[in-house]
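For reference, the structure discussed in these notes is given below.
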Amino acid sequence: MAEPTAPPSLRAEFWRGVRAEFPLLIGVAPFGMIYGVLALAAGIPASAAQAMSAVVFAGSAQLITTQLYTATPLLLTVLTIFVVNLRHLLYSASLAPYLQKLRPGWKFLLAYLLTDEAYAVVIADYQRNEHPQAASPGFFLGAGLALWATWQASTAVGVFLGANLPQNWSLDFTLALTFIAIIVPTLKDRGLLAAAVVASLVAILSAGLPYKLGLLLAALLGILSGTWLGEEK
Amino acid sequence: MKIWLILLLGGLATYLTRLSMILLFTHWQIPPWLGRALRLVPAAVFPPSSPKRFSSKMAGSTFLSITNAS
């Protein structure tokens, strides 16, 4: 066991990453399609909707953009994207020790592929490895690219569907279900639950505020109360 | 035009966030209080933002939306 063996090839690690990511792809594909449909419904051109999946590559932020697009000033929309994606700071910090020895090129590439779904699979695999320095970039690349390809393809399908759906179809319900499906399983402790409940209540009460400020206010108060209530054990 | 700016700036902000700690990490760790707060972000952002806005573009589709008041 302790004998140093030849590390698995980059290619083998790549395909191991693709396989590990596979179960998550099934959940991501409908999400990408819904995004594509909603982007068109919000009046975003198909080309921009598809490009956003490649450039921003963050499902939740993209979905929120479709809702803010028509009524919110540009900088506030960008700020919302930034806030929604702040959690990647944590992912970035937690993966950093494993990527420390890699060439800068790897770091720039893998950072682009650092989504929730890739992070979940990659950190689980890296933590099983006793030696952080031995963590393989191939595994990350495989998991990340599998998700990337699925996201681009499902966006394309959604954009195609969106252009062909009857205009009077309601997608409110679908979107609400998607958010619920994503969030509810993650509300595992009192802090998270408090954040969700307080943010929802504040959003309803502050719905009259202009520029969707209610949404940011709701997020801030939700985080504050979640932090506060999460402290007490 | 606006959407392309959103896309570029939002993409840049997202990429830099993802890259930041991977690149900067030396000895510094995220303080626990900040970690706890960041963990709550999705829970505080998604539920309130659920059904909204675009329903106004589709006549007759405003049912089931608790946030129609906005």
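The values are calculated or read from the model by the stated rules, or taken from the named source; none is laboratory data. All of these numbers come straight from a predicted model, not from anything done at the bench. Glycine also receives a Cβ, built like all others from the backbone with ideal geometry; neighbour counts cover every protein chain displayed.
Figures for the structure shown
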read-out: Candidate set: the range A:60-81, residues that are among the hydrophobic types (A, V, I, L, M, F, W, C) and farther than 24 Å from A:P30 by Cα; chosen: the one modelled with the lowest pLDDT; value: A:A71
read-out: Hey, A:F22 aromatic (F, W, Y) and touching a residue at least 40 places away in the same chain (Cβ under 8 Å) or not; value: yes
read-out: Residue within the range A:42-49 that is modelled with pLDDT of 90 or more, surrounded by fewer than 16 Cβ atoms within 10 Å (Cβ to Cβ), assigned by TED's automatic domain parsing to the domain that holds A:A20 and not in a helix (DSSP H, G or I) present; value: yes
read-out: Unique residue being crowded, with 19+ Cβ neighbours inside 10 Å and over 27 Å from B:P31 (Cα atoms) when the list is A:S53, A:S60; value: A:S53
read-out: From the options A:E21, A:E3, residue that is under 19 Å from the mean Cα position of the chain (by Cα), more than 8 Å from every other protein chain (Cβ to nearest Cβ) and either more than 15 Å from A:W151 (Cβ to Cβ) or at pLDDT below 95 (or both); value: A:E21
read-out: Complete set of residues in the range A:93-119 that are part of a helix (DSSP H, G or I), closer than 20 Å to A:A20 by Cα and facing another protein chain (nearest Cβ under 9 Å); value: A:S94, A:L95, A:L99, A:L110, A:A111, A:Y112, A:D116
read-out: Top-ranked residue of the range A:154-192 - restricted to ones that are within 18 Å of B:A43 (Cα to Cα), aliphatic (A, V, I, L, M) and surrounded by fewer than 16 Cβ atoms within 10 Å (Cβ to Cβ), ranked as modelled with the highest pLDDT; value: A:V184
read-out: Evaluation of A:A120 against (1) surrounded by fewer than 20 Cβ atoms within 10 Å (Cβ to Cβ); (2) free of Cβ contacts under 8 Å to residues at least 12 places away in the same chain (one fails), failing number; value: (2)
